[in-house]
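Student: Below is the structure I would like to discuss, written out as structure tokens.
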Amino acid sequence: MRQIRETLRLHLSAGLSFNEVGRSLKISKSAAAKYASLARAAGVDWEAAQALTDQELETRLYKPALPRSSHQLAPDFANVHQELKRAGVTLQLLWEEYAKDNALAYKYTSFCVKYREWALGLKRSMRQTHIAGEKLFVDYAGQTVPIVDATTGEITQAQIFVATFGASNYTYACATARQTTADWIGAQVQALEFFGGVPRLIVPDQARALIKNPDTYDPQPNRLYDEFATHYGCALLAARPAHPRDKPKVENSSRQRRLGLYKLTWMGA
């Protein structure tokens, strides 16, 4: 505040130029001009500045910023949140529906940012800390893809298997004919061969093809899956039923698979 007062005195009272004021006070010419401009905008001359305390002068010169009003029409984020739970629904699709014929719609980036800010205020959940190579999350995506037999032209629907490491998000995906025990375990074998290593824990769904006795706290893998884990020297930690946040990495990868962001390999029957 001393420099501001001196700037006002030298410029308004002594009539020095901004360049001269700057050299005298060891500040830049632009800083001197800024102080004078603030005083002019606040209607404060040198006589008025002398009658004000430092706090009063600062309040007059630096008025609090007024919140900017938005003229854009915000979407119903609660409805957006519910729609995202449906298979195949993405933020891109919901934004296109919201922005269609809506001149006051947010741009796509702002729409996503504001939705995520809104979603942070929902139910709290425990943050998972992932260690490199510790957990491999495995699951099947909700949707299928058509596979055409090059010889007969027959079209069948293939199941999409996805495996994702927790720390790196390194992902493997392949298509299988069904979701039998052989398909589940065969796809995991291919995933480990692709990664070139074995994690400490594999986190699957409590699918009937893998888990003999599904349970929230003590699920029991079937004999073949248990032998698979013993052979590869890893542990199995099945996610709780109806708790997708137990395996968010592979859930997100499955969503990206639905958007066509991964190239698939075919694991024939």
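Student: Considering every residue within the stretch 1-10, establish whether at least one is under 25 Å from the mean Cα position of the chain (by Cα), of a type outside the set (A, V, I, L, M, F, W, C) and more than 30 Å from Tyr140 (Cβ to Cβ).
Tutor: Within the stretch 1-10, not a single residue is under 25 Å from the mean Cα position of the chain (by Cα), of a type outside the set (A, V, I, L, M, F, W, C) and more than 30 Å from Tyr140 (Cβ to Cβ).
Student: Which of the numbered conditions does Gly197 fail, given that it passes all the others? Conditions: (1) closer than 21 Å to Gly166 by Cα; (2) among the small types (Gly, Ala, Ser); (3) in a helix (DSSP H, G or I).
Tutor: Here Gly197 clears every test but (3).
Student: Could you tell me which numbered condition Val189 fails, if it satisfies all but one of (1) over 29 Å from the mean Cα position of the chain (by Cα); (2) not in a helix (DSSP H, G or I)?
Tutor: Unmet for Val189, out of (1) over 29 Å from the mean Cα position of the chain (by Cα); (2) not in a helix (DSSP H, G or I): (2).
Student: Also, quick follow-up: Counting only residues that are at pLDDT below 90 and hydrophobic (A, V, I, L, M, F, W, C), which one in the stretch 137-154 is nearest to Cys234 (Cα to Cα)?
Tutor: Residue satisfying both the conditions and the ranking: Ala141.
Student: Also, quick follow-up: Restricting attention to the stretch 66-73, does a residue exist that is touching a Pro at 6+ places or on another chain (Cβ under 6 Å) and outside the structural domain of Thr144 (by TED's automatic domain parsing)?
Tutor: no
Student: So, one more: Taking the stated definitions as given, is Glu117 under 30 Å from Tyr232 (Cβ atoms), surrounded by fewer than 15 Cβ atoms within 10 Å (Cβ to Cβ) and acidic (Asp, Glu)?
Tutor: Against the criterion (under 30 Å from Tyr232 (Cβ atoms), surrounded by fewer than 15 Cβ atoms within 10 Å (Cβ to Cβ) and acidic (Asp, Glu)), Glu117 does not qualify.
Student: Condition first: closer than 30 Å to His231 by Cα, of a type in the set (Lys, Arg) and surrounded by 14 or more Cβ atoms within 10 Å (Cβ to Cβ). Can you find one or more residues in the stretch 186-207 that meet it?
Tutor: no
Student: Still on this model: If I ask for residues that are touching an Asp or Glu at 6+ places or on another chain (Cβ under 9 Å) and either in contact (Cβ under 8 Å) with a residue 24 or more places away in the chain or surrounded by 17 or more Cβ atoms within 10 Å (Cβ to Cβ) (or both), which ones from the stretch 208-236 would you list?
Tutor: Ala209, Ile211, Leu236 - these are the residues of the stretch 208-236 that are touching an Asp or Glu at 6+ places or on another chain (Cβ under 9 Å) and either in contact (Cβ under 8 Å) with a residue 24 or more places away in the chain or surrounded by 17 or more Cβ atoms within 10 Å (Cβ to Cβ) (or both).
Student: Given (1) in contact with a Ser or Thr (Cβ under 8 Å, 6 or more places away or on another chain); (2) farther than 18 Å from Arg178 by Cβ, identify the lone condition not met by Asn222.
Tutor: Going through (1) in contact with a Ser or Thr (Cβ under 8 Å, 6 or more places away or on another chain); (2) farther than 18 Å from Arg178 by Cβ one by one, Asn222 breaks only (2).
The values are calculated or read from the model by the stated rules, or taken from the named source; none is laboratory data. All figures in this text were calculated on a predicted structure; none of them were measured in a lab. Here the Cβ is made from the backbone with ideal geometry for all residues, glycine too, and neighbour counts use every protein chain on show.
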